[in-house]
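Let me begin by presenting the structure, written as structure tokens, before commenting on it.
Any read-out appearing in this document is the output of simple, stated calculations on the displayed coordinates, not a laboratory observation. Here the structure is a predicted model, which means the values were calculated and not measured. Every residue, glycine among them, receives a Cβ derived from its backbone with ideal geometry; neighbour counts consider all protein chains shown.
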Amino acid sequence: MGDLTFFELLKVIVIGIIQGITEWLPISSTGHMILAEELLKLNVSDEFMEMFRVVIQFGSILAVVVLYFKKLNPFAPSKTQAEKRDTWTLWFKVLVGIIPAGVVGVLLDDWLDEHLYNYVTVAAALIVYGILFIVIEKRNKNRSLPTKILSELTYKKSLAIGAFQMLSLIPGTSRSGSTIIGASILGCERPVAAEFSFFMAIPVMLGASLLKLVKFGFDFTSTELIVMAVGVVTAFVVSIAAIKFLMDYIRKRDFSVFGWYRIVLGIIVLIWFAVRTFAA
């Protein structure tokens, strides 16, 4: 990679903004990143880009930790012993939930990158899960869902939600999207579904980032370090705003708008790459 120009830095910032917004909204960060990489090609190696598109998610993880630090901290001195036990229980449920995606992700990481990271898979996942969001919201309308707060989430239900999160290994699905869909089908209120998807993302994304870093090696040029730092910091700042927006939005409205957005984006991805392929 050559010297980092202002234009290259600007492209990194835009990619960080896209990551920060799309990681937490159930609209697929991969679907947007594949378009962003098409339009905003960074002057980096293919190996670095493969690692960067995962490691940039570290900024998004930090946003969850900062926003929910008290809720997630079992050592908070302001908490009672009962509250500390509840926090540990929440973490154990999160760990149970990430088992399916963690096991499959480690075993099939290279295969998934090689066979499924393409525009057809991404577009199909965007459209199919967009339709699911609309159908599930219509199904749940006016229904009383049994799981209204996180403490009512059982270990069995946590594992089942984790099985749905495993589907997010398919590019274009959306980690938060698949988790929220699964939680909604299993009877969780929207805020519970969204928050549990945030918390499950912490160990999953940390593990995925570490795996990519190990595979890439830790031999970075100074320019590559700047690219990573700018991308991660941008994703962190934007993620703070995106999470706050989503939690405020779903307390008043349903997820249907995200379903329609996914369908439109999936069609755009299909048309864009189909035209490019036939024009080549």
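Do the sum for the chain: with -39,500 (n - 2.57) for every DSSP H run of n ≥ 4, divided by all residues, what is the mean residue ellipticity at 222 nm, to the nearest 500 deg cm²/dmol?
The helix contribution divided over the chain gives -25000 deg cm²/dmol.
What is the stretch 55-165's relative contact order, in percent, from Cα pairs under 8 angstrom and six or more apart in sequence? Could the numbers behind the result be given before it?
Details: 44 pairs, mean separation 46.4, N = 111.
So the answer I get is 42 percent.
Exposed loop trypsin sites (Lys or Arg not before Pro) only (DSSP loop, at most 12 other Cβ atoms within 10 Å): please give the longest stretch of the chain free of them, not including the sites.
Working: sites that count: Lys41, Lys141, Arg143, Arg251, Lys252, Arg253.
Here the longest segment lacking exposed loop sites spans 144-250.
Just grab the label-to-label distance for Asn118 and Phe6, each label 7 Å out from Cα along the Cβ direction, in nm (one decimal).
Here the answer is 4.1 nm between the modelled labels.
Lysines near Lys41 by alpha-carbon distance under 16 Å, same-chain residues fewer than 8 away left out - which ones?
Lys11
Enumerate the helices in the chain for which the Kyte-Doolittle hydropathy averages -1.0 or more and the C-alpha atoms extend at least 18 Å along the helix's axis, using complete DSSP H runs.
Working: long enough: 6-22 (24 Å, 1.86); 81-97 (24 Å, -0.34); 99-116 (23 Å, 0.76); 119-140 (31 Å, 1.43); 190-216 (37 Å, 1.24); 222-250 (41 Å, 1.79); 256-279 (35 Å, 1.67).
Within the chain the helices that satisfy the rule are 6-22, 81-97, 99-116, 119-140, 190-216, 222-250, 256-279.
Kindly provide the pair-distance distribution of the stretch 1-116 built from C-alpha pairs, with 5 Å bins from 0 and whole-percent values in order of increasing distance.
2, 9, 14, 17, 17, 13, 11, 8, 5, 3, 1, 0
What's the percent breakdown of Cα-Cα distances in the chain across 5 Å bins, shortest bin first?
Reading upward from the zero bin: 1, 6, 12, 16, 19, 18, 13, 8, 5, 2, 1, 0, 0, 0.
Please compare each pair in Lys138/Lys252; Lys70/Lys156; Lys71/Lys244; Lys84/Lys156 to a cut-off of 19 Å on the Cα-Cα distance and tell me which ones are over it.
Over 19 Å Cα-Cα: Lys70/Lys156; Lys84/Lys156.
What full-extension length gain, to one decimal in nm, is calculated for Glu38 and Leu107 as 0.36 nm per residue of separation minus the Cα-Cα distance? Mind showing how you got there, number by number?
Values: separation 69, 0.36 × 69 = 24.84 nm, distance 2.84 nm.
Answer, rounded to one decimal: 22.0 nm.
Subtract the Cα-Cα distance of Lys84 and Lys148 from 0.36 nm times their separation in residues, and report this length gain in nm to one decimal.
My answer for the length gained is 21.0 nm.
Please tell me the relative contact order of the stretch 6-279 in percent, rounded to the nearest whole number, where contacts are Cα pairs under 8 Å and at least six residues apart. Write down the numbers at each step before the final one.
Working: 370 pairs, mean separation 106.9, N = 274.
About 39 percent, as a whole number.
Any idea how far apart Leu206 and Arg251 come out in nm if each label point goes 7 Å out from Cα toward Cβ?
2.8 nm
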